[in-house]
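The values are calculated or read from the model by the stated rules, or taken from the named source; none is laboratory data. In this text, all values refer to a predicted model and were calculated from it rather than measured experimentally. Here the Cβ is made from the backbone with ideal geometry for all residues, glycine too, and neighbour counts use every protein chain on show. Protein only, heavy atoms only, side chains kept; ligands, DNA and RNA dropped before computing areas. Shrake-Rupley method; radii C 1.70, N 1.55, O 1.52, S 1.80 Å.
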Amino acid sequence: MATESLPFSVSLELALEGAGSAEAQLYQPALAEAEAAVADLRKAYESGSLELLRVPERRDDLDAAAEAAAKLRENTSAICVLGIGGSSLGGQALAELIPFGALRKVHFFDNPDPFTFKAALASFDLKTTRFVAISKSGGTAETLMQTLAAADAIEKAGGGKYLKQHFLCITEPKPSPLRAFAESIGCPTLDHPVGVGGRYSVLTVVGLLPAILMGLNAYAIRHGANAVLQQMLNGQSPAASGAALHHALARAGRLRETVLWSYADALKTFGPWWRQLWAESLGKDGKGSTPVATLGPVDQHSQLQLFLDGPGEALYTIVSTDMKGEGPVVPRERASALKLDYLAGKTLGDLVSVEARATAETLHAKGRPVRQIHVPKTDERGFGALFMHFMLETIIMGRLMRVDPFDQPAVEEGKVLARRYLGQE
Ligand code: PA5
């Protein structure tokens with residue numbers, strides 16, 4: 001496939017220089033290792049052994065999802081997406097693409113807070129509310145309880161006969177409590193691809209069915225992801241250089257945190273999506289760095305002091321978008337009357353753009369390593385590209401750290417205990 005240009009650009013100019021010479025020396029060997037990891041990913045793509053890499057080129061599953069979405073949207077007042085972790089965060093990140101104030105029928109419920117969920121169920125017209133229950137394993141207690149509570153509420157509201165029209169479940173094609181629930185009520189199901197891990201599933205129907213339900217172009221999301229993937233397969237990978245940069249800093253003992261600082265509301269929930277990906281994939285065997293998701297400019301007034309003047313063991317990735325000239329303009333006359341000449345004729349977008357730049361340069365001046373990512377448009381293609389970039393970077397980083405980025409063995413213990421305690425109660 002011909003390689004198309006990436007929907008974003010990356011600069012490491014303020015990263016290595018600011019990181020000092022020891023880190024700069026560690027970078028080249030780390031990059032060589034990262035490129036070896038890319039060579040393995042290329043083989044995995046060719047053999048099909050890593051299913052995630054084959055997702056961007058798929059179409060069949062999206063056609064089925066579009067059909068299912070059309071049915072779910074018929075006579076519907078609200079659609080609730082039930083799921084947690086990787087079964088929710090991708091869809092939530094994509095929801096930020098819906099402009100402020102535009103009608104949002106799709107609601108995400110990940111945290112099973114009893115007060116929120118009770119109030120939500122009471123606020124919906126349950127006769128016309130649909131639920132999409134998503135769980136790869138089909139056995140996650142939080143999602144199962146929400147699903148069963150929703151079914152019960154519909155039955156109590158007199159809709160028991162039509163239960164199957166209220167639900168769609170996304171889960172792996174194998175026996176599980178969620179699948180058994182779907183079969184018991186006869187509702188439609190879509191398969192969660194077995195070879196794609198929960199936190200890597202945003203480009204599958206897990207993230208893209210909610211996207212379609214919100215009116216987004218799921219094909220364009222995949223298109224953006226594929227552009228990044230093909231670039232990597234053809235030998236150009238900002239994901240490899242990003243992983244190498246992280247690894248060089250870690251080896252120099254300067255990577256306690258990695259900060260993803262997005263300067264756009266559209267990326268507000270992209271940060272939490274990435275945070276789960278990085279934390280759960282790479283925090284293991286006593287290794288890892290804490291991912292911190294921040295939003296600009298607002299976190300300049302919250303975290304920047306610490307970032308500039310604290311221990312300084314972090315990499316900062318500043319993500320900016322094209323905003324210059326966007327949004328309301330400050331009228332010249334009023335600005336001058338208030339002696340605010342520097343704001344005269346400027347837009348909010350002008351302010352946010354220069355603040356992204358100023359923050360990067362200030363951090364750099366303090367000797368903090370800064371990577372800059374510029375995604376001109378935060379549209380579906382741009383999002384797809386960023387999703388794929390950060391998933392590849394995480395996988396490559398796992399290889400550099402010698403940890404398996406696809407498992408999460410430590411969290412199982414808590415789940416077993418919670419089940420035992422519920423049983424005892
Ligand atoms: O990435 C992961 O595997 C996890 O964070 C899961 O997404 C999360 O635990 C939810 O699991 P499931 O989709 O099986 O309900």
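Taking the criterion of being crowded, with 23+ Cβ neighbours inside 10 Å and polar (S, T, N, Q), would at least one residue in the range 384-397 satisfy it?
Among the residues of the range 384-397, at least one is crowded, with 23+ Cβ neighbours inside 10 Å and polar (S, T, N, Q), which makes the answer yes.
Only residues that are over 26 Å from the mean Cα position of the chain (by Cα), touching a residue at least 24 places away in the same chain (Cβ under 8 Å) and in a helix (DSSP H, G or I): list them for the range 183-198, please.
Ile185
Say whether the condition of being free of Cβ contacts under 8 Å to residues at least 12 places away in the same chain and either of a type in the set (A, V, I, L, M) or closer than 30 Å to Ala410 by Cα (or both) is met by at least one residue in the range 352-363. Spell out the reasoning first.
Start the filter on the range 352-363 by keeping residues that are free of Cβ contacts under 8 Å to residues at least 12 places away in the same chain, which leaves 354, 358.
The next check asks that each one be either of a type in the set (A, V, I, L, M) or closer than 30 Å to Ala410 by Cα (or both); those that pass are 354, 358.
Yes, the range 352-363 contains at least one residue that is free of Cβ contacts under 8 Å to residues at least 12 places away in the same chain and either of a type in the set (A, V, I, L, M) or closer than 30 Å to Ala410 by Cα (or both).
Between a residue in the range 119-147 that is at positive phi and any residue that is within 15 Å of the ligand (Cβ to nearest atom) and open to solvent by 40 Å² or more (accessible area, probe 1.4 Å), which pairs come within a Cβ distance under 7 Å, given they are 6 or more apart or on different chains?
Once the first residue is at positive phi and sits in the range 119-147, its partners that are within 15 Å of the ligand (Cβ to nearest atom) and open to solvent by 40 Å² or more (accessible area, probe 1.4 Å) give Gly138/Pro177.
Identify the residue in the range 91-125 that is under 25 Å from Gly139 (Cβ atoms) and in contact with a Ser or Thr (Cβ under 7 Å, 6 or more places away or on another chain) and, among all such residues, is nearest to the ligand (Cβ to nearest atom).
Asp110
Which residues, taken from the range 305-315, are free of Cβ contacts under 8 Å to residues at least 40 places away in the same chain and of a type in the set (A, V, I, L, M, F, W, C)?
Leu306
When you scan the range 36-75, how many residues do you find that are touching a residue at least 24 places away in the same chain (Cβ under 8 Å), on the phi < 0 side of the Ramachandran plot and either assigned to a loop (DSSP other than H, G, I, E, B) or exposed (fewer than 12 other Cβ atoms within 10 Å of the Cβ) (or both)?
Selection size over the range 36-75: 3.
Output the qualifying pairs, or none if there are none: Cβ atoms under 8 angstrom, residues six or more apart or on different chains, first residue in the range 205-226 and within 16 Å of the ligand (Cβ to nearest atom), second residue charged (D, E, K, R).
Val205/Asp61; Val205/Asp191; Val206/Lys136; Leu208/Arg222
Suppose the filter is open to solvent by 30 Å² or more (accessible area, probe 1.4 Å) and either within 15 Å of the ligand (Cβ to nearest atom) or closer than 16 Å to Lys71 by Cβ (or both); does Val194 pass it?
Taking the combined requirement at face value, the residue satisfies it.
Can you tell me which residue in the range 121-153 is surrounded by the most Cβ atoms within 10 Å (Cβ to Cβ), limited to those that are of a type in the set (Val, Ile, Thr) and part of a helix (DSSP H, G or I)? Step through it out loud before you land on a result.
Taking the range 121-153 first, the residues of a type in the set (Val, Ile, Thr) are 128-129, 132, 134, 140, 143, 147.
Retained after the next criterion (residues that are part of a helix (DSSP H, G or I)): 128, 143, 147.
Numbers: Thr128: 13, Thr143: 27, Thr147: 25.
The selected residue is Thr143.
Let me spell it out: the conditions are (1) away from the ligand (no atom under 15 Å from the Cβ); (2) over 20 Å from the mean Cα position of the chain (by Cα), and Ala180 meets all of them except one. Which number is the exception?
(1)
Starting from residues that are among the acidic types (Asp, Glu) and within 12 Å of the ligand (Cβ to nearest atom), keep the ones in the range 399-420 and report whichever is farthest from Glu33 (Cα to Cα).
Glu412
Among Arg357, Arg368, which is the only one that is farther than 16 Å from Pro238 by Cβ and crowded, with 22+ Cβ neighbours inside 10 Å?
Exactly one of Arg357, Arg368 is farther than 16 Å from Pro238 by Cβ and crowded, with 22+ Cβ neighbours inside 10 Å, namely Arg368.
Please enumerate the residues belonging to the range 154-180 that are open to solvent by less than 40 Å² (accessible area, probe 1.4 Å) and closer than 17 Å to Thr129 by Cβ. Steps first, please.
Going residue by residue through the range 154-180, those that are open to solvent by less than 40 Å² (accessible area, probe 1.4 Å) are 154, 159-160, 163, 166-172, 176, 178-179.
Once the filter is applied, which keeps residues that are open to solvent by less than 40 Å² (accessible area, probe 1.4 Å) and closer than 17 Å to Thr129 by Cβ, the range 154-180 yields Ile154, Gly159, Gly160, Leu163, His166, Phe167, Leu168, Cys169.
When you go through Leu208, Leu203 one by one, which is the residue that is outside any loop (DSSP other than H, G, I, E, B) and within 14 Å of the chain's Cα centre (by Cα)?
None of the other options fit; the residue is Leu208.
Just one of the numbered conditions (1) within 15 Å of the ligand (Cβ to nearest atom); (2) of a type in the set (Ser, Thr, Tyr); (3) in a helix (DSSP H, G or I); (4) over 23 Å from Met214 (Cα atoms) is not true of Tyr162; which one?
Of the numbered conditions (1) within 15 Å of the ligand (Cβ to nearest atom); (2) of a type in the set (Ser, Thr, Tyr); (3) in a helix (DSSP H, G or I); (4) over 23 Å from Met214 (Cα atoms), the odd one out for Tyr162 is (1).
Out of the residues in the range 264-304 meeting the condition of being free of Cβ contacts under 8 Å to residues at least 12 places away in the same chain, within 26 Å of Leu348 (Cα to Cα) and not polar (S, T, N, Q), tell me which one is surrounded by the most Cβ atoms within 10 Å (Cβ to Cβ).
Taking the candidates together, the pick is Val298.
Mind listing whichever residues of the range 27-41 are touching a Leu at 6+ places or on another chain (Cβ under 8 Å) and either over 17 Å from Pro405 (Cα atoms) or hydroxyl-bearing (Ser, Thr, Tyr) (or both)?
Once the filter is applied, which keeps residues that are touching a Leu at 6+ places or on another chain (Cβ under 8 Å) and either over 17 Å from Pro405 (Cα atoms) or hydroxyl-bearing (Ser, Thr, Tyr) (or both), the range 27-41 yields Tyr27, Ala30.
Is at least one residue of the range 401-409 at pLDDT below 95 and of a type in the set (Asp, Glu)?
yes
Being small (Gly, Ala, Ser), open to solvent by 10 Å² or more (accessible area, probe 1.4 Å) and under 15 Å from Ser281 (Cα atoms) is the filter here, so list the residues in the range 398-425 that pass it.
Result: Ala410, single match.
Can you spot a residue in the range 96-109 that is part of a helix (DSSP H, G or I) and under 26 Å from Thr269 (Cα atoms)?
Within the range 96-109, none of the residues are part of a helix (DSSP H, G or I) and under 26 Å from Thr269 (Cα atoms).
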